Each structure stands twice: as C-alpha cells, then as structure tokens.
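Single-structure report; data block below.
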Amino acid sequence: MAGLMSGFGCFTHAVVRAVPQSLARDALRSGGLEVDLLKVQEEYEEYVSVLKHRLGLEVLELPADEALPDCVFVEDAAVVCGDTALVSRPGAQSRRREVKNRAVKAALTELGLNIVEMTDESATLDGGDVLFTGREFFVGLSKRTNQRGAEILADAFKDYAVSTVPVQDALHLKSFCSMAGPGLIAIGSSEAAQKALKHHYSSLQCHMIFRNHSNMLICCSRNISC
C-alpha cells in the first residue's frame, strides 16, 4: 500500500470500459440532453490513448455491455486505494447490475487487489462521490451516496481520514471538484461548489472553472495506484 502522504498521483494501471451503443438511448442523464454517440466514441478512444501513450499506464479495457447503458462510467463501481478495492453499491437501482455482473470485480481481482464488497442493503456509494487527496477521503452525500456508504468506505480504508461533504445541485461530488495535482484541488465556480469544502479548508488551494459537456473524460476509468 502506498504511504500516507504519497498515495496520490502514483499510478500503474487504469481500468476502463468500452462505450455501449445503448448509452445514447438508455443511459441515465439529466436535462434530456442528446448524446452524440460518435463524438463519445472519439473522446473515449482519445482518453484511452492518453492513458496508454502519454501517461504510460497499463490499461485494462473491459468490453461494453449493451444491457448496462451506463457501464462506461466504471469509476462508480469501485473505489481503489493502495492494494484494496471497495466494490460499491450504486445509488441508482439500474446501475447495481453493473456490480452484480462481476466484470469490474473480476478485473480488479486479476490485478491482485484485495476485494471488499458492500453487502449492507441500506448503504449506497458511487465512486463519483469519492475524492482521494493522497492523505484523506472526501465523500459526497448526494442522491447517489448516503452516510452508511461513507461509513463502509471509512472502514475499508482505515489508514485515511474520511470526511463527508453535502452535495447540492449536482449529481456527484466530482461533478464540481477534482484533484488537479498533489495538494491541489480544482473546484467549480458555482456557489454550491465554492461552499462544499469551505468547512474543511479555510481557503482552497485552487479555484478553477471546468465546463464539462459530455461528462465522459473525467469519469470513465478507475486508476490503480502503485
């Protein structure tokens, strides 16, 4: 397992999942936005290329499953830190099939990780609500993640502090904030985003605006740290 202060930014593998044709028709989305499947596929291929050729990661690509239209967002199915992988229990009922079909769990097992499964049916957790800074976890309490899910994550990763953050006006915590580098948090400009982490930090290390149209390039892989 990586050291407490060096767990961020040191990755060896990435797990991704190909884009199903059913994404455009059946995937969960807000606002009734149309999905340009060709553009999504182009972005996905570019994303995988960056992981492989610019970052030098070993990429494990899982096949698309047409019965699981949201499966490209593989980040939501597991949280990985060090040598432990917590298989989540997604908040959306339809997405729990992604965990039950075992493709992600099998991939993480193949990588030699210790697998922890969420079996408490009162708990929900989406990986998109989990932000790891390298020394602590922030867990967004949202429509997809609840307090019990955060408690199970804390139990799975006992070496790290876990703090909860209320998520308002967004699907996930990482819809408006993300790690931009070691010790550097990028956060959106909305009032809800600006307030989200204020009670944890008196001043955020970084204030940035990211307008994300497809939501594809930020949440369709799960990085595995060294």
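Between rounded, prolate and oblate, where does segment 70-160 land on the alpha carbon gyration tensor, with a ≥ b ≥ c its root eigenvalues, rounded for a/c under 1.5, else prolate if a/b exceeds b/c? Judged from the Cα gyration tensor, segment 70-160 comes out oblate (a/c at least 1.5, b/c at or above a/b). Determine the shape class of segment 22-66: with a ≥ b ≥ c the square roots of the Cα gyration tensor eigenvalues, call it rounded for a/c under 1.5, and otherwise prolate if a/b is greater than b/c, oblate otherwise. Note, shape of segment 22-66 comes out prolate.
What lysines sit close enough to Lys143 to cross-link, taking a C-alpha to C-alpha distance under 17 Å and skipping anything fewer than 8 places away on the same chain? Correct list for Lys143: Lys174. Only Lys, Arg, Asp and Glu carry charge here, each on its Cβ (+1 for the first two, -1 for the last two); on that basis segment 13-175 has a dipole of about 260 debye about its Cα centre.
Accessible surface for Lys105 stands near 50 Å², nearest 10, in the context of the full protein assembly shown (1.4 Å probe). Estimated at the nearest 10 Å², the accessible area of Glu110 is 140 Å² with a 1.4 Å probe. For the charge dipole of segment 13-175, defined by +1 on Lys and Arg C-beta atoms and -1 on Asp and Glu C-beta atoms about the Cα centroid, which residue among Ala150, Val35, Ala18 has the Cα displaced farthest towards the positive pole? Of the listed residues, the answer is Ala150.
How big, in percent, is the set of alpha carbon pairs in segment 102-146 lying more than 17 Å apart? Taking all Cα-Cα pairs of segment 102-146, the fraction more than 17 Å apart is 52 percent. Computed from the Cβ-Cβ distance with R0 of 45 Å, the FRET efficiency linking Ala161 to Arg97 stands at 0.90. Taking a Cβ cut-off of under 12 Å around Thr12, the surrounding Lys, Arg, Asp and Glu residues balance to a net charge of -2, with basic ones at +1 and acidic ones at -1.
The values are calculated or read from the model by the stated rules, or taken from the named source; none is laboratory data. All of these numbers come straight from a predicted model, not from anything done at the bench. Because the Cβ atoms are built from the backbone with ideal geometry, glycine has one as well, and the counts that use them run over all protein chains shown. Just the protein is used for accessible areas: all its heavy atoms, side chains included, with ligands, DNA and RNA removed. Shrake-Rupley method; radii C 1.70, N 1.55, O 1.52, S 1.80 Å.
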